[in-house]
Amino acid sequence: MDQNEAPVLEALAEHQKLKRYGFTPPAHRQGRGVDQRVLEVLGEQSFKSDVVASSGLDDRKSSNGYLSKAEELMAEAVEADKAFFSTCGSSLSVKAAILAVTRGEGELLISRDAHKSVTSGLVLSGLQPRWIKPRWDNELKMSHPPAPETVEEMWQRYPDASAALIVSPTPYGTCADIEAIAEICHKRGKPLIVDEAWGAQLPFHPDTPTWAMSAGADICVVSVHKMGLGFEQGSIFHLQGNLVDPVRLNQCADILSTTSANVMLYAAMDGWRRQMVQEGKGMIDKALELARGLRRDIDTLPGLHVLEDELVHAEASHDLDILHILFDVSELGISGYQVTDWLRENCRLDLGTNDHRRVEAVISVADDQETADWLLAGLRELIGAAPNLPRPPAVVIPDEADLFLETAMLPRDAFFGPVEVIPVEEAPGRIAAEMATPYPPGVPLLLPGERINQAAVDYLRSGVEAGMVLPDPADPTFKTVRVVREEAHRSF
């Protein structure tokens with residue numbers, strides 16, 4: 001195939017050149033009816049590019065096959081057997097993968113550091129999760145991907161599980177030994193799903209952590225918007241081998257996804273693939289060089305420490321994506337929550353993952369020395385302002401023994417069954433009926449069906465008081481919590 005082509009993007013350009021007009025959705029008619037105040041913000045071109053996929057970009061039979069050809073080009077570019085584009089984010093892609101490998105029944109081995117979208121898949125499917133414990137660093141109070149030995153132990157305990165699912169890289173850039181884990185799964189004839197949402201760039205450079213497909217994974221889910229150059233919600237899931245039915249995988253995605261996919265997301269992913277094939281190595285070279293320099297520069301700033309050696313050793317991560325610059329701010333006497341808020345308010349800088357003592361800046365191929373200097377300047381201002389910021393309340397972090405809660409019910413049963421709302425002080429011993437997810441990065445501490453303990457309550461309450469965001473509980477202040485009604489639970 002000709003990797004210099006971008007069929008969806010080129011078809012969209014041709015559509016605009018021919019000045020096609022459709023009496024079909026979208027009703028804005030390429031921007032004709034849109035409020036001028038909206039056009040001033042979003043731009044007329046964005047509406048011209050928002051066309052319906054069939055009877056618009058393509059004919060009513062999709063006979064030109066623009067999307068299917070773009071997916072074939074993507075699969076060839078990264079040496080996967082098949083690639084599927086999604087416009088509903090990796091949250092949909094990972095649910096489709098879960099349903100495809102389990103057929104919606106039985107057990108699934110899942111790393112407990114999985115994103116909340118995985119839990120949503122469990123609620124929808126009714127599957128029984130068998131949680132794989134990540135490696136827990138009790139000093140840093142953070143988790144790393146699970147060890148192969150732990151995955152092996154879980155297969156021995158639950159040999160009838162349909163598949164295993166792990167996250168690599170994590171939102172912190174730490175990586176699993178995917179090759180070893182894939183071998184463990186395959187010797188049992190079971191597939192491995194890797195949630196590689198943060199790994200869009202990995203297939204295009206030899207000096208990045210090993211890409212999941214190269215390491216033997218069967219399904220790999222990638223968020224193009226995270227580390228690639230696509231729009232939010234753009235996702236691709238790749239497939240290889242014969243352990244997963246590609247037709248079922250595609251149909252599971254079709255069941256979950258929208259029938260009104262945004263062509264702009266397809267076009268951006270298509271164009272990004274071509275750009276990576278043509279220029280990706282050089283672009284990633286520059287990003288890695290920029291990240292190395294920025295890591296050194298941040299680490300020399302007073303009160304800041306960039307984590308690196310602590311994240312890559314025998315008891316931690318198998319590898320590290322250095323584009324994730326995670327730094328500790330605790331010597332400044334303030335929290336990561338405060339750092340994130342202060343930089344946004346005073347320096348117009350937005351950072352992502354944050355917790356009680358750390359903040360992360362993620363470098364992409366779009367960054368350059370100008371953006372790096374902007375970050376450094378903001379951090380220097382922050383250091384000067386830190387003595388005048390209020391001291392944050394202490395966050396009570398659980399020890400490992402209290403961190404992984406007992407699964408007392410299926411997540412689906414707990415979520416959809418009879419519930420009651422109680423003061424959070426009464427929650428220890430009760431079964432959660434909702435998620436509680438510190439965000440970002442979006443890994444739930446409480447899941448539906450898990451028995452709440454005092455350590456979890458103390459952590460979440462103290463975290464909220466210190467600035468933690470919990471977007472999914474009905475009460476985001478976590479003064480109350482939804483739990484399984486006791487009378488109902490006794491009848492199970």
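The values are calculated or read from the model by the stated rules, or taken from the named source; none is laboratory data. The structure presented is a predicted model; accordingly, all values stated were derived computationally and were not measured. Don't worry about glycine lacking a Cβ; one is built from the backbone with ideal geometry, like all the others, and counts go over all protein chains shown.
Here are the numbers for this structure:
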| read-out | value |
| --- | --- |
| Test: residue in region 6-25 that is more than 18 Å from residue 261 (Cβ to Cβ), surrounded by fewer than 13 Cβ atoms within 10 Å (Cβ to Cβ) and of a type in the set (S, T, N, Q) | no |
| Unmet requirement for residue 232, which otherwise passes all of (1) more than 21 Å from residue 363 (Cα to Cα); (2) of a type in the set (D, E, K, R); (3) assigned to a loop (DSSP other than H, G, I, E, B) | (1) |
| Residue pairs meeting the criteria (Cβ under 6 Å; at least 6 apart or on separate chains; first in the same structural domain as residue 89 (by TED's automatic domain parsing) and closer than 19 Å to residue 203 by Cβ, in region 237-251; second of a type in the set (Phe, Trp, Tyr) and modelled with pLDDT of 95 or more) | 237/84 |
| The lone exception for residue 161 - which of (1) under 20 Å from the mean Cα position of the chain (by Cα); (2) touching a residue at least 24 places away in the same chain (Cβ under 8 Å) it fails | (1) |
| Criterion (in contact with a strand residue (DSSP E or B) (Cβ under 7 Å, 6 or more places away or on another chain) and within 26 Å of residue 264 (Cβ to Cβ)) met by exactly one of 219, 193 | 219 |
| Residues of region 179-201 satisfying the condition of being free of Cβ contacts under 8 Å to residues at least 40 places away in the same chain and over 15 Å from the mean Cα position of the chain (by Cα) | 179, 180, 181, 182, 183, 184, 185, 187, 188, 192 |
| Filter result (in contact with a strand residue (DSSP E or B) (Cβ under 8 Å, 6 or more places away or on another chain), of a type in the set (A, V, I, L, M) and within 16 Å of residue 377 (Cα to Cα)) within region 298-314 | 298, 304 |
| Any hit, region 267-276, residues being among the polar types (S, T, N, Q), more than 15 Å from residue 91 (Cα to Cα) and part of a helix (DSSP H, G or I) | yes |
| Any hit, region 145-153, residues being surrounded by fewer than 23 Cβ atoms within 10 Å (Cβ to Cβ), in contact (Cβ under 8 Å) with a residue 24 or more places away in the chain and either among the charged types (D, E, K, R) or more than 20 Å from residue 443 (Cβ to Cβ) (or both) | yes |
| Residue within region 281-297 that is in a loop (DSSP other than H, G, I, E, B) and either of a type in the set (Val, Ile, Thr) or touching a helix residue (DSSP H, G or I) at 6+ places or on another chain (Cβ under 6 Å) (or both) present | no |
| Which listed residue, of 403, 410, 470, is surrounded by 20 or more Cβ atoms within 10 Å (Cβ to Cβ) and closer than 15 Å to residue 113 by Cα | 403 |
| Residue check, residue 83 in the same structural domain as residue 202 (by TED's automatic domain parsing), in a strand (DSSP E or B), touching a His at 6+ places or on another chain (Cβ under 9 Å) and aliphatic (A, V, I, L, M) | yes |
| Region 352-388, subset among the acidic types (Asp, Glu) and surrounded by fewer than 19 Cβ atoms within 10 Å (Cβ to Cβ), residue nearest to the chain's Cα centre (by Cα) | 368 |
| Check on residue 66, aromatic (Phe, Trp, Tyr) and in the same structural domain as residue 259 (by TED's automatic domain parsing) | yes |
